[in-house]
Amino acid sequence: MKYIKVKQRASSRISVPNFLSGVNTAYDQSVLSLSVAANCYNFDFTSGALKGSLGFISQNIKADSVWIYHNGSEQYLMYSYGGEVFYKGKSGITNKLEGIKLNGVPKAIGYRLYGEDVVLICSPSDNMVVWNGVDPAYYVSSSPLITSMAMHYERMFVSTSNEVNTLWFSDDLDPTNWNTDMTEGGFIELADERGALIKVLSFLNYVYIFRERGISRLTAYAEQSEFTVSNLFVTGGKIYPESIALCGDKVIFASSDGLFTFDGVSARRILTNLDGLIAPDENCVATYHGGKYYLALKANFESDSRFKSGTNNAILIYGDNGYTLMRGYDVSGFYSGGDTLYAIIDGKLHVQGGKCSLPKRWTVPQTDLGSGRVKRIKVLYIDTKTDITLTVHIDEKSKQFFVAGKGTASRININMPGRKFGMTVDCAAADPLISRPQLTFSFIDK
């Protein structure tokens, strides 16, 4: 019998200096490096380490929309549920806005009307409601059925549910006057390949009109006889209305073609590395809060019994220093109220706060470590403050390790042969800190 001597060469080491590369689902795992995640949720990696994201705290209030109304020194938290509107001021007592019954989910905006701070409440199925915080609320019977609104040079510009190709605007200094007259309110019809009007924004001294498949711009400085419309952007994909948010010096929105940022002239795609994972649709909703764009949407996460399915199963949080992905919150609406971010989750009002206690995962793609040769995966070192579960994937085999959190490097002896290596980090702690994974391996020669 002839014996073949197996010689093991000196060990090689690969380090992941930080996690700033984030997630990439646009490319096959085999071409990604160990510093790029094939999947990640509920970890904040914008500092370079894996940390916990902020969570949401339930207020135990049933709601389908929420907003803040400022009336002089008084501030009201207002929300709707089941067609009724409720408000709560400094006293903390919740009251119902009497005489009002809505058929649609409302949005609201504050305005100084004839010397009073009023709130204008609008929905796609109802006439505008006006309330001054003291007297009974009343309907504006002449108003259109409003789907979105923007105040611009003391006029209200709106898109509507019943005339989807028409931009309506109110009288100057009076958003409750919708009489169509050259000296009062009016409308502009926009009928071309860009489709229905879905959102209006006052931005950069213009009214930007977002449509199903494009963007138009209205110049509306003075008399309505001088209003002019120009078309700026057209896309083959469908733009989703509730994803559109004014974010400082730009607008961010989602469409069936992906995520876009718009500077007032042109649009460009962003976060293409998340193609295949995020899949926004008509149900996605967004807001801008604290310098970040929050988008609740559908994501193609792997099946996991720890999470229930929902209309929106993910939140993408995008800012100048990067992005994070959250899983497990089914958000149907956002509202940025000063320092507080409100969210409607599972039909209840929540506020952002505390650390996210939901399960967290970072998946390292399964790659050949730069060579298709057989290797012996020896040892993994990783720093973790909290307990984690580490699942190592070598070719078709997997092995799980429990790693106790101690704040210094932990050594995990793997000792498995194979061509491809990958791993999954799972953490249940609300406030993790995970950094500096290092892997040692050697090639096996026969």
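The values are calculated or read from the model by the stated rules, or taken from the named source; none is laboratory data. Every value quoted in this text rests on a predicted model; they were computed, and no experiment measured them. Cβ coordinates were reconstructed from backbone atoms using ideal geometry, including for glycine residues, and neighbour counts include every protein chain displayed. With ligands, DNA and RNA removed, areas are computed over all heavy atoms of the protein, side chains included. Shrake-Rupley method; radii C 1.70, N 1.55, O 1.52, S 1.80 Å.
Laid out as a table, the results:
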{"quantity": "Set of aspartates and glutamates near Lys298 by C-alpha distance (under 18 Å), chain-local residues within fewer than 8 positions excluded", "calculated": "Glu242, Asp257, Asp275, Asp281, Glu282, Asp330, Asp346"}
{"quantity": "Contact order relative to length of the stretch 292-412, as percent, for alpha carbon pairs under 8 angstrom and 6 or more apart", "calculated": "14 percent"}
{"quantity": "Fluctuation leader among Arg306, Arg112, Arg361 - the chain, Gaussian network, Cα springs under 10 angstrom", "calculated": "Arg306"}
{"quantity": "Fraction of accessible area attributable to carbon and sulfur, the stretch 1-135 (%, probe 1.4 Å)", "calculated": "49 percent"}
{"quantity": "For the stretch 256-375, accessible area per residue (1.4 Å probe, heavy atoms of protein chains only), Å²", "calculated": "40 Å²"}
{"quantity": "Label assignment, percent of Cα pairs over 33 Å apart derived from the structure, set (1) 46; (2) 54; (3) 38", "calculated": "(1)"}
{"quantity": "Out-of-range pairs (alpha-carbon distance over 19 Å; input Lys96/Lys348; Lys51/Lys406; Lys51/Lys360; Lys90/Lys292)", "calculated": "Lys90/Lys292"}
{"quantity": "DSSP-loop trypsin sites (Lys or Arg not before Pro) across the stretch 1-108, with at most 13 other Cβ within 10 angstrom", "calculated": "Lys2, Lys5, Arg9, Lys90, Lys101"}
{"quantity": "Loop-exposed GluC sites (Glu not before Pro) per DSSP, neighbour cap 15 Cβ within 10 angstrom, longest uninterrupted part of the chain", "calculated": "1-97"}
{"quantity": "Extended-chain gain in nm, criterion 0.36 nm per residue less alpha-carbon gap, Lys348 and Ile93", "calculated": "90.0 nm"}
{"quantity": "Paramagnetic label zone (point 7 Å from Cα along Cα-to-C-beta, Tyr381; backbone N under 20 Å) in the stretch 395-416", "calculated": "401-416"}
{"quantity": "Surface share of carbon and sulfur [accessible, 1.4 angstrom probe, percent] for the stretch 370-446", "calculated": "50 percent"}
{"quantity": "Residue-normalised accessible area of the stretch 92-134, expressed per residue, 1.4 Å probe, Å²", "calculated": "46 Å²"}
{"quantity": "Relative contact order for the stretch 364-413, counting Cα pairs under 8 Å that sit 6 or more residues apart, in percent", "calculated": "40 percent"}
{"quantity": "Percentage relative contact order, the chain, counting C-alpha pairs under 8 Å, at least six apart", "calculated": "18 percent"}
{"quantity": "Extension reserve of the Asp426-Val31 stretch, reckoned as 0.36 nm per residue once the Cα distance is removed", "calculated": "139.9 nm"}
